[in-house]
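Working notes, beginning with the structure itself.
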Amino acid sequence: MGLFSGISHELIDIIEWNDDSSDTLLWRFPRWQDEIKNGAKLVVRQSQAAVFVNEGQIADVFMPGTHTLETKNIPVLTTLRGWKYGFNSPFKVDVYFVNTRQYTDQKWGTKNPIMLNDEKFGMVDLRAFGTYSFKVSDPKKFVEELTGTNSQFTTEDIGGQIRSMMVSNLTNAVAKSNLGIEKFSANLEEFSTFAKEKLEPTVGNFGLTLTNFIVENVSLPPELQKEIYQYSRLGKIDMSKLTQMNIANSVQTAAANQGGLAGMGMGVGVGLGMGNMMANTMGQAVNQMNQQQQAAPPPPPIPQAVQFFVAVDGKQAGPFNEQQLAEMVQSGALKRETLIWKAGMAAWTAAGQVPEVSNVFGSAPPPIPS
């Protein structure tokens, strides 16, 4: 009996993947019960990588080229299987081919709006969409993190997970971009570059590289778009020219009604003069108001009412303000020799000797003579 007389199944001597798809990221070589022959040829084409997995553990990774499977070419697998002096018999191992080419024109978008707090417009619902490109840069990490026991993995299988990661990290990228909401549409290229830098580390954890990331559109609620439009126009309007134009139009209409070209010319001349005068006056008034607002100091703090404690029958009462003290004088409950105290005083003092309280006794009428 020969060495392989007990083997009833076929020995594999050539391992390769002829990829004819446009979206397959990973494909497992269909070994099933067949064994790989010692000295078999492994053909790894351009934009491919072959990953050997032995009982769920990553072994060797082969890059493009033709490889002869011998002990010296599979050092990790040799160690895992305990081949100290080489091997001559067939062996079983799972072979995964990973496509390392670039996948372009992948779509992304926010299913739900992103809530942002803008300094000018408050809480804003933001939606965005665009395209991205990626490729597998670390086949070993990709097999470990994403494939599991799948025999085939496509861009659609990973697209949902990538898009979810993008949207979750996009919120932080927007918050840290230092771009106002009204500037997003005008700075899509800058925002795309910034977002790509923020997303790359997360995608890299799965053995992927984000080769391109484009924000095609940032969508805002219609009412906010209208508000931003009005806000931008307000900063561009020249009030003096707008006043001149409005007055000139009204004067021209009035001149036409006054009869003829002469009336129109006089009306336009007078109107322009009035327009210039009004524009200059408005400009001076606005400048003066701005200067006053800038030069005016802030108002002082509102003074707090002084309150006193009063000694009544050897016990502390109060605190009382000045009006309440005056009422106590009227009722006879507070006299000049009554001891009082407030914060800042060293000791209890007769009310008549405290300057702030002495005027209260002056407002009270003297006792009625008997």
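Each reported figure results from applying straightforward, stated rules to the coordinates on display, with no laboratory input. Note that this is a predicted model, so its numbers are computed, not measured. All Cβ positions, even for glycine, are placed from backbone atoms using ideal geometry, and neighbour counts span all protein chains on display.
For the ranges 150-158, 42-50, what's the packing order if you count other beta-carbon atoms within 10 Å of each residue, average per peptide, and put the highest first?
Values: 150-158: 15.7, 42-50: 18.1.
Taking the mean over residues of other Cβ atoms within 10 Å, the ranking is 42-50, 150-158.
Near the amide H of Ile12, under 5 Å away, which other amide H atoms are found, from residues 5 or more places off or on another chain, if H is placed in the peptide plane?
Correct list: Glu35, Ile36, Lys37.
From the backbone phi of segment 188-195, what are the Karplus-calculated ³J(HN,Hα) couplings (6.51 cos²θ - 1.76 cosθ + 1.60, θ = phi - 60°) in whole Hz, Gly and Pro given as x?
Each residue of segment 188-195 in turn: 5, 5, 5, 5, 4, 5, 5, 5 Hz.
So how do Val218, Val136 line up by other beta-carbon neighbours within 10 Å, fewest first? Write out the running numbers ahead of the final one.
On the way: Val218 22, Val136 25.
If I rank by nearby Cβ atoms, fewest first, I get Val218, Val136.
Which entries in Lys141/Lys198; Lys92/Lys140; Lys41/Lys107; Lys37/Lys135 show an alpha-carbon gap greater than 29 Å?
On the way: Lys141/Lys198 20 Å; Lys92/Lys140 19 Å; Lys41/Lys107 39 Å; Lys37/Lys135 32 Å.
Violating the 29 Å limit, Cα to Cα: Lys41/Lys107; Lys37/Lys135.
Taking the Cα centre as origin and putting +1 on Lys and Arg beta-carbons and -1 on Asp and Glu beta-carbons, what dipole magnitude results for segment 308-363, to the nearest 20 debye?
On the way: 4 positive and 5 negative charges, 21 e Å.
Its charge dipole is roughly 100 debye.
Amide H neighbours of Ala59 under 5 Å, at least 5 residues apart or on other chains, H built in the peptide plane: list them.
Excluding prolines and chain starts, which carry no amide H, the hits are Phe52, Val53, Asn54.
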